[in-house]
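Working notes, beginning with the structure itself.
The values are calculated or read from the model by the stated rules, or taken from the named source; none is laboratory data. Because the structure is a prediction, the values reported are computed rather than measured. Cβ atoms come from the backbone with ideal geometry, glycine included; neighbour counts cover every protein chain shown.
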Amino acid sequence: MSTNVSLVYLPLLGIVALLGYVVKQWFFHPLAKYRGPFLASLTNLWSAYLAFRGDWHVVMDQLHKKYGPIVRIAPNEVCISDPAAMKVIYSITGGFCKSDFYEPFRIPTDPPSLFTDRDEARHTERRRLVGSAYTMNSLLKLEPHVQIIISRFVRQLDKLFASTNEVADMSTWFYRMAYDVTGQLAVGRSFNAIDEGDRFGFLSLFMDRNANAGVLGRAPAWARPLIAPFFNTTKIQVYKDITDFMQSSMNVHLTHPEVHSDMMSLMLQLRDAKGEEVLSMDQVQRDCKSVIAAGADTTASTLAGMLHYICKDRRVYQTLQKEIDAASLELEADQPFSATMTEKLPYFAACIQEALRMHSGVGFPLPRVVPEGGAVISGEVFPEGVVVGMNAWQVHRNKDVFGEDADVFRPERWIVTNAADRNEVQRVKNRERHQFAFGAGTRTCIGKHISLLEVRIAIPELMRRFDFTLEHPDRDIEVVNMWFATTRNVKCYIKARS
Ligand code: HEM
């Protein structure tokens, strides 16, 4: 009889415990004063769902408009849009470590990668060790490979679209190109996606993996093992194929080291100099895989975003084309642009900055844990252990920094027209300081120069040889944002230029 009575009370106890939790989260948690969706204050499942929907940047814009620059997006996390917070949260000496959002990006059986490592001291050491392979000087030696792939890309677009008047979905085509370039740069083998598409399923595997990790990272740690199986259903064979692809690339490098020039050979040289215990063979292989996983989608979406915005505004298009045409006079007809040459084109440089601003390849906040002793951010005190993050998509639309027309693609905002005007010089410098597409601080993107190398060759080569017009010039860009902000349906007519 007494057992029956206590069973009756069980649901009641559950309700009381739940109410207690709600009251604590809503009124007494250190982040209680920051508002956001009610569900977000109770569980990370709210932000996991938002990540899954793919419109994180749109919803967060609305939430910042409603609640101000600090929005609570999870029980223990806020998102901050105030640009001034960048120099605190992502300061080199601030001690803000990556949060556990990054765990699902890690292969469970592997040690952490440069990207997923949450131990700042170990990360600094590793970054120092491999950093030289990612400098522009090292990469320029690999430039001819990039030029060859981009020339192949131009030929394919010519054959399939310019000659047929068919519409090209440039978001898809840039993905193929970027995967071929990163495969070539990473391990000396292109995936041949320009010619054969995603024949082996590698491209979609990398893309899906990043998106899945983005959603899982936002989910509460206890829910991840429950959600993960829904994401990894049919891809086991492709995983195995990629592992084989990396292993066979490594074998070829070890048997014929003299014939290779790519990231893998640069890292193997570092390994020879430092020793296996400092930089292991496995680590080299993992880092090269990261180059492909982290570098292709982001660069492709930057290129597609840039083409969309340039095409949408004919004034911008014509100004850029004029600058590119003038520069191309220095080249033979079949000689491709080099990145060093196009780096010096001022309007093009401004277009790249503006494309990275309007369409940043990473579309979630970059979450960091407030270090011991707490921190003052945007004039507010945050206790240690809470998570704070900023998202390029919000920082880049701040009107105080980028001007009243921050929602518009206008490359001129990056150009100083009157060097004697100190206010103007300061304004542009301040914008540069708030360029957040590659992150900031100790964890800033190590592959930035790889992307810039590609962008600086691809866009001038394409605009020199073709005229692009959007199929639907009145439509906004379509973005699916599941950590990487991928573009969809950048559909263009392509006409060969004489
Ligand atoms: C336009 C293209 C790219 C964009 C927009 C981009 C963006 C970013 C961002 C925002 C971060 C910081 C992430 C964080 O703090 O959580 C980052 C880090 C990183 N990126 Fe990129 N990335 C791009 C291209 C590349 C390429 C080509 C590579 C190839 C190597 C790469 C490899 C990495 C790695 C390894 C990290 C982690 C660095 C560290 O923690 O030390 N990225 N990237």
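Of all residues in region 271-281, those that are without any contact (Cβ under 8 Å) to a residue 12 or more places away in the chain and of a type outside the set (S, T, N, Q) total 5. Is one or more of the residues making up region 429-445 more than 16 Å from the ligand (Cβ to nearest atom) and farther than 24 Å from His64 by Cβ? Yes, region 429-445 contains a residue that is more than 16 Å from the ligand (Cβ to nearest atom) and farther than 24 Å from His64 by Cβ. Against the test of being under 18 Å from Leu453 (Cα atoms), at pLDDT 95 or above and not basic (Lys, Arg), the options Ala355, Ala406 yield a single qualifying residue, Ala355.
Scan region 111-129 and tell me whether some residue there is away from the ligand (no atom under 12 Å from the Cβ), within 22 Å of Gly183 (Cβ to Cβ) and either in the same structural domain as Arg209 (by TED's automatic domain parsing) or surrounded by fewer than 16 Cβ atoms within 10 Å (Cβ to Cβ) (or both).
Of the residues in region 111-129, the ones away from the ligand (no atom under 12 Å from the Cβ) are 111, 121.
From what's left, within 22 Å of Gly183 (Cβ to Cβ): none.
Within region 111-129, none of the residues are away from the ligand (no atom under 12 Å from the Cβ), within 22 Å of Gly183 (Cβ to Cβ) and either in the same structural domain as Arg209 (by TED's automatic domain parsing) or surrounded by fewer than 16 Cβ atoms within 10 Å (Cβ to Cβ) (or both).
Looking only at region 361-377, residues that are in a strand (DSSP E or B) and within 16 Å of the ligand (Cβ to nearest atom) come to 3 in all.
Selection over region 165-187 of residues that are away from the ligand (no atom under 15 Å from the Cβ) and surrounded by 19 or more Cβ atoms within 10 Å (Cβ to Cβ) gives a count of 5.
As a summary of the residue check, Val278 satisfies the conditions (1) assigned to a helix (DSSP H, G or I); (2) away from the ligand (no atom under 16 Å from the Cβ); (3) β-branched (Val, Ile, Thr) except for the one numbered (1). Scanning region 136-180 for residues that are of a type in the set (Gly, Ala, Ser) and in a helix (DSSP H, G or I), which turns out modelled with the lowest pLDDT? Across region 136-180, the extreme among qualifying residues is Ser138. Ala326 satisfies every condition listed in (1) surrounded by fewer than 17 Cβ atoms within 10 Å (Cβ to Cβ); (2) within 16 Å of the ligand (Cβ to nearest atom) except (2).
Among all residues of region 463-471, there is none that is assigned by TED's automatic domain parsing to the domain that holds Ile148, within 25 Å of the chain's Cα centre (by Cα), within 12 Å of the ligand (Cβ to nearest atom) and not in a helix (DSSP H, G or I).
When the residues of region 95-109 are narrowed to those that are within 11 Å of the ligand (Cβ to nearest atom) and assigned to a helix (DSSP H, G or I), which ends up surrounded by the most Cβ atoms within 10 Å (Cβ to Cβ)? Residue satisfying both the conditions and the ranking: Phe101. Taking the condition assigned to a helix (DSSP H, G or I) and under 21 Å from the mean Cα position of the chain (by Cα), does Val130 pass? Against the criterion (assigned to a helix (DSSP H, G or I) and under 21 Å from the mean Cα position of the chain (by Cα)), Val130 qualifies.
Is it the case that some residue within region 258-279 is in contact with a Ser or Thr (Cβ under 7 Å, 6 or more places away or on another chain) and not hydrophobic (A, V, I, L, M, F, W, C)? For region 258-279, residues in contact with a Ser or Thr (Cβ under 7 Å, 6 or more places away or on another chain) and not hydrophobic (A, V, I, L, M, F, W, C): absent. The residue of region 44-92 that is nearest to Ala211 (Cα to Cα), among those that are of a type in the set (Val, Ile, Thr) and outside any helix (DSSP H, G or I), is Ile73.
Of all residues in region 367-386, none satisfies being in contact with a Phe, Trp or Tyr (Cβ under 7 Å, 6 or more places away or on another chain) and aromatic (Phe, Trp, Tyr).
In region 383-401 there is at least one residue that is free of Cβ contacts under 8 Å to residues at least 24 places away in the same chain and out of contact with any strand residue (DSSP E or B) (no Cβ under 7 Å at 6 or more places or on another chain). Being farther than 30 Å from Ser99 by Cα and either of a type in the set (Lys, Arg) or not assigned by TED's automatic domain parsing to the domain that holds Leu157 (or both) is true of Arg456. Here Tyr34 passes the criteria (1) surrounded by 18 or more Cβ atoms within 10 Å (Cβ to Cβ); (2) under 26 Å from the mean Cα position of the chain (by Cα); (3) not polar (S, T, N, Q) except the one numbered (2). Taking region 181-224 as the range and being among the acidic types (Asp, Glu) and assigned to a helix (DSSP H, G or I) as the test, the residues that pass are Asp195, Glu196, Asp208. When Val425 is tested against (1) near the ligand (Cβ under 9 Å from one of its atoms); (2) more than 16 Å from Leu157 (Cβ to Cβ); (3) assigned to a helix (DSSP H, G or I), only condition (1) is not met. Ile450 meets each of the listed conditions (1) modelled with pLDDT under 95; (2) within 16 Å of the ligand (Cβ to nearest atom); (3) assigned to a loop (DSSP other than H, G, I, E, B) apart from (3).
Residues that are surrounded by 17 or more Cβ atoms within 10 Å (Cβ to Cβ), among the aromatic types (Phe, Trp, Tyr) and outside any helix (DSSP H, G or I) do not occur anywhere in region 345-352. The selection criterion, being in the same structural domain as Ala133 (by TED's automatic domain parsing), in contact with a strand residue (DSSP E or B) (Cβ under 8 Å, 6 or more places away or on another chain) and not hydrophobic (A, V, I, L, M, F, W, C), holds for Thr298. Contact map, region 429-440: first residue at pLDDT 95 or above, second residue within 8 Å of the ligand (Cβ to nearest atom) and among the hydrophobic types (A, V, I, L, M, F, W, C), Cβ cut-off under 6 Å, separation 6 or more or different chains; pairs are Phe436/Ala392; Ala437/Leu356; Ala437/Ala392; Phe438/Cys445; Gly439/Leu366; Gly439/Cys445.
Counting only residues that are within 14 Å of Thr444 (Cα to Cα) and β-branched (Val, Ile, Thr), region 66-101 holds 3 of them.
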